[in-house]
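Step one of this worksheet: look at the structure below.
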Amino acid sequence: MYLDANNTEEIKIVDTEQKIIITNEHIQKTHRRFALATIIIPFLGLIVAIGLLWYSNISLVEIGMLVSMYVLTIIGVEVGFHRYFSHHAFQTSKPVRILLAILGSMAAEGPVINWVSHHRRHHQYSDRADDPHTPYYRQGQRLKLLDGLFYAHFNWLLDGKLTNSALYTKDLLRDPLIARINQLYLVWVILGLVLPAVLGGLLTVSLIGILKGFLWGGLVRIFCVHHMTWIVNSICHMYGKRPFQIDDYSTNNIWLAIPTLVGSWHNNHHAFPNTAVNNLEWWQIDLSGWLIRSLETLGLVWSVKKPTPEMINAKRDKNKW
């Protein structure tokens with residue numbers, strides 16, 4: 001399915017009279033505390049896991065836990081939260097929607113509705129003052145290089161400026177299934193920690209296996225997923241190639257393509273926001289796009305959107321002037 005040449009972004013925010021940020025101080029403080037916990041706790045888990053290496057070497061069990069949980073949860077974020085829930089880049093069945101929402105929640109980057117609200121606002125105001133995580137502005141003030149990178153990477157989370165989901169995600173709020181998954185966010189985060197711990201214990205038949213599964217498949221995995229997701233907000237709005245000269249500073253960064261599951265073809269994504277595939281050149285790797293195409297072949301997803309060659313060439317031709 002090709003995109004409509006006159007509609008490269010389905011999610012349009014037209015009501016500018018409503019406030020884009022929730023100003024309730026109690027909600028902001030609560031959001032700030034949760035954000036701080038999700039930044040600090042995985043980092044502490046990483047320190048403990050590294051410290052344990054002096055007493056117990058990492059085995060294939062822990063490596064397998066880390067890699068498998070990393071891939072599953074970053075698929076939940078990139079394919080689920082990002083391409084499906086934020087941009088409606090494809091359609092799918094209820095079981096797949098549930099699975100993507102739960103896997104994305106296990107990444108501990110916030111409930112699905114909050115995540116999508118922030119991302120849609122990011123696209124509406126990309127690299128302008130109201131962008132929630134641009135490296136160029138903070139509360140309307142222009143940022144210097146290092147301050148901007150730090151802010152866009154994760155410090156924006158500590159501002160407590162929660163995007164108004166009533167304005168940006170009415171479609172998800174009206175969906176009883178997704179609203180319920182959103183309410184059970186902490187359950188899914190805990191499940192993402194318990195599963196590798198239980199599997200680690202079963203595979204090693206030991207208490208240390210439970211601990212190492214919890215650390216490597218749980219906290220260390222969350223730390224890695226967080227920073228590979230956040231790096232798109234920071235590095236991929238400052239450093240890289242810009243084949244499409246659009247109204248922001250998004251870039252393509254080949255070095256981050258595989259670890260981010262191709263969130264790093266960011267300029268491509270901003271040029272065609274609701275496409276399901278981000279590799280617009282034959283040599284560009286798009287693991288998430290390949291997964292979506294595979295699911296389409298199996299009949300598990302459909303109405304997969306992508307730009308036509310004419311649309312790509314037309315947008316590139318603008319760069320020549």
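The values are calculated or read from the model by the stated rules, or taken from the named source; none is laboratory data. A quick note: this is a predicted structure, and the numbers were derived from the prediction, not measured. All Cβ positions, glycine included, derive from the backbone under ideal geometry; neighbour counts span all protein chains shown.
Quick notes on this structure:
- Residue match in the stretch 71-94 (condition: under 15 Å from S288 (Cα atoms) and touching a Pro at 6+ places or on another chain (Cβ under 6 Å)): yes
- Cβ pairs under 6 Å, 6+ apart, first in the stretch 304-319 and assigned to a helix (DSSP H, G or I), second at pLDDT below 90 and not hydroxyl-bearing (S, T, Y): M311/A5; N319/Q245
- Test for A166: is it out of contact with any Asp or Glu (no Cβ under 9 Å at 6 or more places or on another chain) and within 18 Å of Y84 (Cβ to Cβ): no
- Going through (1) under 21 Å from L103 (Cα atoms); (2) touching a Gly at 6+ places or on another chain (Cβ under 8 Å) one by one, L256 falls short only on (1).
- Within the stretch 79-99, the set of residues being within 19 Å of K170 (Cα to Cα), among the aliphatic types (A, V, I, L, M) and surrounded by 22 or more Cβ atoms within 10 Å (Cβ to Cβ) comprises A89 only.
- I258, sole failed condition from (1) touching a residue at least 12 places away in the same chain (Cβ under 8 Å); (2) hydrophobic (A, V, I, L, M, F, W, C); (3) over 16 Å from V67 (Cβ atoms); (4) not in a helix (DSSP H, G or I): (3)
- Single match in I98, I41, I47, I75 (criterion: farther than 18 Å from L300 by Cβ, aliphatic (A, V, I, L, M) and in contact (Cβ under 8 Å) with a residue 40 or more places away in the chain): I41
- The residue list L149, L172 contains one member that is among the hydrophobic types (A, V, I, L, M, F, W, C), surrounded by fewer than 20 Cβ atoms within 10 Å (Cβ to Cβ) and either closer than 17 Å to D127 by Cβ or at pLDDT 95 or above (or both), which is L149.
- Condition broken by L149, with the remaining ones in (1) more than 19 Å from S264 (Cβ to Cβ); (2) of a type outside the set (D, E, K, R); (3) in contact with a helix residue (DSSP H, G or I) (Cβ under 9 Å, 6 or more places away or on another chain) satisfied: (1)
- Neighbours by Cβ (under 7 Å, 6+ apart or cross-chain): first from the stretch 127-146, under 19 Å from V116 (Cβ atoms); second assigned to a helix (DSSP H, G or I) and hydrophobic (A, V, I, L, M, F, W, C): P132/W156; H133/A152; H133/W156; T134/A152
- Candidate set: the stretch 39-78, residues that are of a type in the set (G, A, S) and surrounded by fewer than 21 Cβ atoms within 10 Å (Cβ to Cβ); chosen: the one nearest to the chain's Cα centre (by Cα): S68
- Every residue from the stretch 105-121 that is touching a residue at least 40 places away in the same chain (Cβ under 8 Å) and either under 17 Å from D159 (Cα atoms) or of a type in the set (S, T, N, Q) (or both): S105, E109, G110, N114, S117, H118, R121
- A276 vs. criteria at pLDDT 95 or above and small (G, A, S): yes
Results for (1) at pLDDT below 95; (2) of a type in the set (G, A, S), shown as yes or no for each residue.
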{"residue": "L291", "(1), (2)": "no, no"}
{"residue": "T297", "(1), (2)": "no, no"}
{"residue": "M311", "(1), (2)": "yes, no"}
{"residue": "A314", "(1), (2)": "yes, yes"}
{"residue": "N319", "(1), (2)": "yes, no"}
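For (1) within 24 Å of V67 (Cα to Cα); (2) basic (K, R); (3) in contact (Cβ under 8 Å) with a residue 60 or more places away in the chain; (4) part of a loop (DSSP other than H, G, I, E, B), each residue gets a yes or a no:
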site: I181; (1), (2), (3), (4): no, no, yes, no
site: V189; (1), (2), (3), (4): yes, no, yes, no
site: G201; (1), (2), (3), (4): yes, no, no, no
site: K212; (1), (2), (3), (4): yes, yes, yes, no
site: W216; (1), (2), (3), (4): yes, no, yes, no
site: I231; (1), (2), (3), (4): yes, no, yes, no
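- Criterion: more than 19 Å from G192 (Cβ to Cβ), under 16 Å from the mean Cα position of the chain (by Cα), part of a helix (DSSP H, G or I) and small (G, A, S) - qualifying residue of G289, G263: G289
- None of G213, G160, G217, G201 is closer than 17 Å to S105 by Cα and surrounded by 15 or more Cβ atoms within 10 Å (Cβ to Cβ) except G217.
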